[in-house]
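First the structure, in the form of structure tokens, and then the observations on it.
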Amino acid sequence: MKKNLLAWIFTFAGKKRPMYWASVFFALLCVACSLAPYIIIADIVKKLLEGVRDWNVYLRECAITAAFWIGNAVFHMISTTVSHVATFNVLANIRKKLCDKLARVPLGSVLEIPSGTLKNILIERIDSMETTLAHIVPECTSNLILPLAMFAYLFHIDARMGFASLITLPIGMISACFMMRNMTERFQNAIDKTKILNDTAVEYINGIEVIKAFGKSKSSYEKFVVAAKEGSDCFVEWMRDCIWPFTIAFVIAPSTLLAVLPIGGYFFLNGSLSAKDFITVIILSMSVIGPLLTVYAYHDDIAKAGVIFGEVGGIMDMQELVRPQEDLAKPSDNSIVLRDVKFSYASKQKEILHGINLSLPSGSYTALVGPSGSGKSTIARLIASLWDVDSGSIEIGGVDIRKLSLEEYNSRVAYVSQDNFLFDLSIRENIRLGKAGASDAEVVEIAKKSGCYDFIMSLENGFDTIVGSSGAHLSGGERQRIAIARAMMKNAPIVILDEATAYTDPENEAIIQEGVSHLVEGKTLIVIAHRLSTIQDADKIVVIKDGKIDSMGSHQELLSLGGLYKSMWEAHIDAKDCEETA
């Protein structure tokens, strides 16, 4: 999505696009009002030299000058207001489109981007474009067009003086060129350092408990300090290298009188330039460089905005899950079939699943077990459509899930992982997210059935308790129980529990298991569990090893077969006995 800055602006402007054109119109009027007084002053000087003594003439021109200055302020306010309204709409559209895009991108692709980087792009970096986008369209356009018209007027008066008024501009521009050397590389370096600082800050804050527990606060804080220092140093060094060229450029370029006075004086003395024209050129020459410098001052901001839009474009170009807008076929039931499924994570460049073939009847209870890293959670995530398979297919009711719309498929599947996210809302609203418009009575009922009603009522504000950011005010087990209640509220015909009871104690786990057993009746249930005792009653237990199916069958069948499952069961029983005797 290679686009220039204006193309990006108008892409996201939507219905507010005409407001930018309106802001340009009012900005043109604003600059015209700021330049007109110089012309009037020059005219006043002419009349004085001509000996006009009618005070009414001068009072009238002074009043017109004052009107222009007022018009300048009024039109500037209108232009800025209109452009800011359009810009805030652009920023909102950027964020909406990015969030919509991330929702359509495979989860793995999103997880590969550090959360600090995403937060920085979505919040700080997009916010940083507000000033640039609000001023770039109206001010650059108006401040470029009208000074050029003024230059044309100077050339009309006297071409020699028109050229004379331009002499300092290229000198200032040459200095500016030295300032702009390696700007792209410097700004990219600043972006990289800022990303590292954001990621380090997020890592430090999220890991503060572990840092304190293991006495690593000094070394961990040093990492943050180094990132902060490198982040500041890159800006300080950049500014230090630019300060002298910047100063020279912005001092010399507007100093048009350095050339106009001696050259004009020479022409005046030899009689080739009249006093009236000389004075007019002096006054007008001082009015034209300022607007051009305003345009030039935005060069750096334009480059920064271009880089940020490049990052936005990078996210917008991410490959999406390939799904139709509407269903291409209708599943006959809620059975699940995996046919020769192969999959690899892009970041690991290594195949994780090697031709998985698995059939799960509608309404069945299937457990996936295996050593850590065997691929069982990956299978669950593929079934939940969080990724797409590299090859093979996953079918629901005889239909490839890639023929179903995301909306339809999401309505069929409730997925609960061991790391569940709760929004900073009340417990009631977090559960209600499973079913939009659910009544308070339904929320209470589902809480009772899922086994979390008692602990909720033990909280000070009951269902109105705010869970905090990411559910920080609740324990890990409590968060999982709320997440399970939310999934049950969805009432999807396919339920996937990916080690959903990993953070619960044995007593609460038994409560959850009992609640789940009632809530999944008649549904296709897939459970990934590390506590094998919780899945003994599964219709089918599938043992995954190294990305392949090692064996499958009921609990008793797998024990009689021996092999990996029996070894895992014996290890589980030994660990359980140790816990009970401890």
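Rule-based calculations on the coordinates, nothing more; no lab input. It should be emphasised that the depicted structure is a prediction, and the values quoted were computed from it without experimental measurement. No Cβ is skipped: glycine too gets one built from the backbone with ideal geometry, and neighbour counts run over all protein chains shown.
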(message) So if the hydrodynamic radius of region 316-459 is defined as the Kirkwood radius over C-alpha pairs, what does Stokes-Einstein give as its diffusion coefficient at 25 °C and 0.890 mPa s, in µm² per second?
(response) 139
(message) How much of the DSSP bridge set in the chain is antiparallel, in percent, rounded to the nearest 5?
(response) 55
(request) Using only Cα atoms, find the angle between the long axis of helix 130-157 and the longest principal axis of the chain, and express it within 0 to 90 degrees, rounded to the nearest 10. (result) 20
(message) Need the full-extension length gain, Asp464 to Glu570, defined as separation in residues times 0.36 nm minus the C-alpha distance. One decimal, nm.
(response) 33.7 nm
(message) For region 342-439, what is the number of Lys pairs with C-alpha distance below 21 angstrom, counting only pairs 8 or more positions apart or on separate chains?
(response) 5
(message) Could you work out how much longer the chain between Ile302 and Gln319 gets when fully extended? Use 0.36 nm per residue separation minus the Cα distance between them, nm to one decimal.
(response) 3.3 nm
(message) Along the Cα→Cβ direction, 7 angstrom out, place labels at Ala7 and Val110. What is the inter-label distance in nm?
(response) 2.9
(message) Report the per residue volume, in Å³, of the convex hull enclosing the C-alpha atoms of region 252-371.
(response) 260
(request) Would you compute, for the Cα atoms of the chain, the largest minus smallest coordinate along each principal axis and list the three values in descending order, in whole Å? (result) 117, 50, 48
(request) Name the residue farthest towards the positive end of the dipole of region 213-326 from the options Leu321, Phe267, Pro291, assuming +1 on Cβ of Lys and Arg, -1 on Cβ of Asp and Glu, about the Cα centre. (result) Phe267
(request) Above 12 angstrom, tally the Cα pairs of region 380-421 and express them as a % of all pairs, no decimals. (result) 62
(request) List the aspartates and glutamates whose Cα lies under 20 Å from the Cα of Lys523, skipping any in the same chain that are fewer than 8 positions away. (result) Asp333, Glu395, Asp400, Glu407, Glu408, Glu442, Glu445, Asp498, Glu499, Glu514, Asp537, Asp539
(request) State the volume of the convex hull built on the alpha-carbon positions of region 61-208, expressed per residue in Å³ and rounded to an integer. (result) 184
(message) In whole Hz and in residue order, list the ³J(HN,Hα) couplings for region 455-469 that follow from phi through the Karplus curve 6.51 cos²θ - 1.76 cosθ + 1.60, θ = phi - 60°; x for Gly and Pro.
(response) 5, 5, 5, 6, 6, 4, 10, x, 5, 8, 5, 7, 7, x, 4
(request) Multiply the residue separation of Leu269 and Ala67 by 0.36 nm, subtract the distance between their alpha-carbon atoms, and state the gained length in nm to one decimal. (result) 69.1 nm
(message) Could you check the spin-label model distance between Asn357 and Val74? Points 7 Å from the Cα along Cα→Cβ, value in nm.
(response) 8.2
(message) I want to check the label-to-label distance for Glu557 and Met286. Put each point 7 Å from Cα in the C-beta direction and report it in nm to one decimal.
(response) 9.6
